[in-house]
Amino acid sequence: MVLAAAALWGSTGTAQTLVAGHMSPYWVGALRLLVASAFFFVLDFAGGRPKHTAAAMDSSSQLLALASGVAIAIYNLSFFAGVQLSGVGVGTAIAIGSGPIWAGLLQATLTKVAPRLDWWLGTLLAVAGGFMLTAGDPAGPRGLLNGLWLCLLAGLAYSSYALISQRLVRRCAPSVALRWVFVVAATIAIPLAVLLDGAFSPTLASWMVVVYLGVVATGVSYLLFAHALQHISGATGVTLALAEPVTAFVLAVLLLDYKPAGLGYLGIAFVLAGLLVVARAELRGGARAASARSASTSSL
């Protein structure tokens with residue numbers, strides 16, 4: 001489910017090229033959050049759960065939803081701004097690549113459960129591969145110093161969302177949780193888009209792209225990711241999501257006539273190898289936890 005979500009996220013950049021010059025990245029980010037909110041409302045009504053409101057969630061779940069929404073809003077705004085300043089290749093590599101490192105450090109600090117050594121090995125392989133994928137990107141840095149900290153902030157916000165959301169989706173239905181997470185995120189992002197970029201003049205093409213980004217590349221993908229977090233650790237989910245730049249790389253080559261450096265293809269191999277190592281570490285960790293629970297039950 002995480003790999004499927006990452007594949008959908010990886011289509012975001014290709015879709016955005018269709019509205020390049022017609023819509024600012026701030027508005028693209030803000031409106032996709034709004035469309036995703038509407039998607040989750042419709043999903044719940046179609047599923048016969050219209051009475052699931054924020055009031056139906058306990059206070060701790062409401063706080064988790066608020067924190068997740070703030071994290072998603074920060075991620076969207078800092079990512080788009082950071083990439084705009086530092087260049088597509090450098091910015092994406094730093095933002096996406098730093099996410100798993102942040103997630104591993106946060107998990108070790110907050111839960112006192114550090115990821116396994118083979119998890120770190122797989123993560124480092126995948127992060128290195130992500131940097132290789134962007135090695136030949138023609139968009140050079142334009143404001144690298146400012147873009148750097150914004151992209152690092154994006155990675156921190158994304159990994160924070162994953163760890164917080166993991167607790168939230170284990171308390172209530174993922175679609176209900178995500179509805180309020182994205183309502184919070186959109187409520188923050190839209191006024192900031194107005195402040196940073198003013199009013200916008202959308203075209204039919206831009207609305208079509210925004211609807212795709214909101215429903216498919218955000219709504220469906222985050223729903224898949226939330227369901228996955230019910231079964232795996234947040235740190236592993238963030239690392240497996242490194243399949244996103246692989247998808248973006250392939251789509252750019254196939255659809256946008258992107259001419260990558262030879263190192264990019266080696267980067268794909270590194271990312272895939274890293275993801276396999278991380279997946280194996282997660283499975284081994286899950287198997288050991290299950291064995292420990294079984295032994296504990298038997299002793300009782």
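The values are calculated or read from the model by the stated rules, or taken from the named source; none is laboratory data. Here the structure is a predicted model, which is why all the values come from computation and not from measurement. Heads up, the Cβs are rebuilt from the backbone with ideal geometry, glycines too, and the neighbour counts pull from every protein chain shown.
Summary of computed values
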quantity	calculated
Where residue 249 falls short, out of the listed (1) surrounded by 24 or more Cβ atoms within 10 Å (Cβ to Cβ); (2) at pLDDT 90 or above; (3) more than 19 Å from residue 157 (Cβ to Cβ)	(2)
Test result for residue 215, at pLDDT 90 or above and not polar (S, T, N, Q)	yes
Residue 54 vs. criteria over 17 Å from residue 189 (Cβ atoms) and at pLDDT below 70	yes
Residue within the stretch 178-192 that is at pLDDT 85 or above and touching an Asp or Glu at 6+ places or on another chain (Cβ under 8 Å) present	yes
Number of the condition not met by residue 181 [criteria: (1) of a type outside the set (Gly, Ala, Ser); (2) over 22 Å from residue 43 (Cα atoms); (3) within 16 Å of the chain's Cα centre (by Cα)]	(2)
Residue in the stretch 196-219 that is surrounded by 24 or more Cβ atoms within 10 Å (Cβ to Cβ), aromatic (Phe, Trp, Tyr), in contact with a helix residue (DSSP H, G or I) (Cβ under 9 Å, 6 or more places away or on another chain) and touching a residue at least 12 places away in the same chain (Cβ under 8 Å) present	no
Residue 226, sole failed condition from (1) of a type in the set (A, V, I, L, M); (2) modelled with pLDDT of 90 or more; (3) out of contact with any Pro (no Cβ under 7 Å at 6 or more places or on another chain); (4) crowded, with 23+ Cβ neighbours inside 10 Å	(3)
Spans of helices (runs of 4 or more DSSP H) in the stretch 178-262 with at least 2 residues farther than 21 Å from residue 65 by Cα and not acidic (Asp, Glu)	204-214, 234-240, 243-255
Close pairs from the stretch 21-42: first surrounded by 18 or more Cβ atoms within 10 Å (Cβ to Cβ), partner in a loop (DSSP other than H, G, I, E, B) and modelled with pLDDT under 85, Cβ under 6 Å, at least 6 apart	27/200
Single match in 233, 221 (criterion: more than 10 Å from the chain's Cα centre (by Cα) and hydroxyl-bearing (Ser, Thr, Tyr))	233
When residues of the stretch 125-143 are limited to those that are within 22 Å of the chain's Cα centre (by Cα) and not small (Gly, Ala, Ser), the one modelled with the lowest pLDDT	137
Failed item in (1) crowded, with 18+ Cβ neighbours inside 10 Å; (2) over 17 Å from residue 24 (Cα atoms); (3) over 16 Å from the mean Cα position of the chain (by Cα), with residue 170 passing the rest	(1)
For residue 122: the one exception among (1) at pLDDT 80 or above; (2) surrounded by fewer than 23 Cβ atoms within 10 Å (Cβ to Cβ); (3) not polar (S, T, N, Q)	(2)
